[in-house]
Amino acid sequence: MAKNVLLVDDSSTMRKIVSRSLRQAGLDFGDIFEAGDGQEALDVLEKEAVDIVLSDINMPNMNGIEFLREKSGRDGIKDIPVFMISTETGDDIIGEAKSLGAVGALKKPFTPDKVNEVLGPFM
Amino acid sequence: MPPIERYITEATLEVFATMIFIDIIPGEPLKGQNDGIDSNLTSMIGLAGDLQGVLAVHCPETAALGITGAMLGMDVATIDDDVRDAIGEIANMVAGGLKVSLAENDIATELAIPTTVLGKAVRTSGQAGVSRFIVPFATPVGDFGIELKYVLH
């Protein structure tokens, strides 16, 4: 069954590029929802049937780490898997993200092939 | 002293090769005070930590429109939110690449969120003793430049 995806990035351009890359990677997905920061992402998760989240880290209002921390305390949504998609791929920040429940990370810039390689097993 | 100019060039080439699909040719870094690119749009991102400063992407209108169109896979006729956002994201990704290269030299850097400014001949300024260079790039849609003004602690 196709997975519904939530894209979280303050850049609308990047959300469009990730959406296009998912298509180009040939991944089987259903609806794509979008959010501009962590707070908007939490609001979407509370309302929509989302199967996987692809989230930036460096965002205004509520960044990706704060989003993971807040999400981990909410029973209805805490088990939805989150991938980090960011220029921030140092061991320290990705380690913190994984300690808060992130299941993987994809470094910007990326190719559709890389999207397929990293996200394919989860789609 | 790490080869910061080369890091900027390599990060920019990677961004354009993987996500924009426009051939770009880097030029020699410019270090004079009056070498600004003829720019209509500038996206800047602050850098903090062991290297402090500002990375700025300077684009004339034709280059900004062409690059954004290539990123989004559509024609873009005027400078709008998409263009501001796209050039800001390029600044973000190039700064991210620079951060990774600096980290390999044990230089820790943190990135702010990009800001985009419209207007001709935008110049950044800083305190005395700040280093500065611009790497110019030639593209089929017009030239652009990436400036770094920084202090390395």
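The values are calculated or read from the model by the stated rules, or taken from the named source; none is laboratory data. Keep in mind that this is a model prediction, so the values were computed, not measured. Positions of Cβ are backbone-derived with ideal geometry, glycine not excepted, and every protein chain shown enters the neighbour counts.
Screening A:77, A:57, A:17, A:52 for residues that are buried (at least 17 other Cβ atoms within 10 Å of the Cβ) and under 25 Å from residue B:48 (Cα atoms) leaves exactly one candidate, A:57.
In the range A:103-123, the residue that is surrounded by the most Cβ atoms within 10 Å (Cβ to Cβ) out of those that are without any contact (Cβ under 8 Å) to a residue 24 or more places away in the chain and charged (D, E, K, R) is A:107.
Among the residues in the range B:45-68, are any under 16 Å from residue A:13 (Cα atoms) and free of Cβ contacts under 8 Å to residues at least 24 places away in the same chain? Please lay out each step first, then the result.
Narrowing the range B:45-68 to residues under 16 Å from residue A:13 (Cα atoms): B:64-68.
From the residues that got through so far, the ones that are free of Cβ contacts under 8 Å to residues at least 24 places away in the same chain too are B:68.
Checked the range B:45-68: at least one residue is under 16 Å from residue A:13 (Cα atoms) and free of Cβ contacts under 8 Å to residues at least 24 places away in the same chain.
For residue B:64, the conditions (1) within 15 Å of residue B:4 (Cα to Cα); (2) within 14 Å of chain A (Cβ to nearest Cβ) all hold with the exception of (1).
A single member of B:88, B:53 is assigned to a strand (DSSP E or B) and within 15 Å of the chain's Cα centre (by Cα), and it is B:53.
Just one of the listed residues (B:70, B:77) is surrounded by 19 or more Cβ atoms within 10 Å (Cβ to Cβ) and either modelled with pLDDT of 95 or more or among the small types (Gly, Ala, Ser) (or both), and it is B:70. Quick one: is residue B:98 in a helix (DSSP H, G or I), in contact with a helix residue (DSSP H, G or I) (Cβ under 7 Å, 6 or more places away or on another chain) and either of a type in the set (Lys, Arg) or more than 13 Å from every other protein chain (Cβ to nearest Cβ) (or both)? Taking the combined requirement at face value, the residue does not satisfy it. Between B:104, B:110, the distinction of being surrounded by 15 or more Cβ atoms within 10 Å (Cβ to Cβ), of a type outside the set (A, V, I, L, M) and within 11 Å of chain A (Cβ to nearest Cβ) belongs to B:110 only.
Would you mind finding the one in B:119, B:88 that is more than 9 Å from chain A (Cβ to nearest Cβ) and either out of contact with any helix residue (DSSP H, G or I) (no Cβ under 6 Å at 6 or more places or on another chain) or surrounded by fewer than 18 Cβ atoms within 10 Å (Cβ to Cβ) (or both)?
Residue meeting the stated conditions: B:119.
Output yes when any residue across the range B:128-140 is free of Cβ contacts under 8 Å to residues at least 40 places away in the same chain and not in a strand (DSSP E or B), and no when none is. The answer is yes, given that some residue of the range B:128-140 is free of Cβ contacts under 8 Å to residues at least 40 places away in the same chain and not in a strand (DSSP E or B).
Read through the list (1) buried (at least 24 other Cβ atoms within 10 Å of the Cβ); (2) facing another protein chain (nearest Cβ under 10 Å), then give the number of the only condition that residue B:57 fails. In the conditions (1) buried (at least 24 other Cβ atoms within 10 Å of the Cβ); (2) facing another protein chain (nearest Cβ under 10 Å), residue B:57 misses (2) alone.
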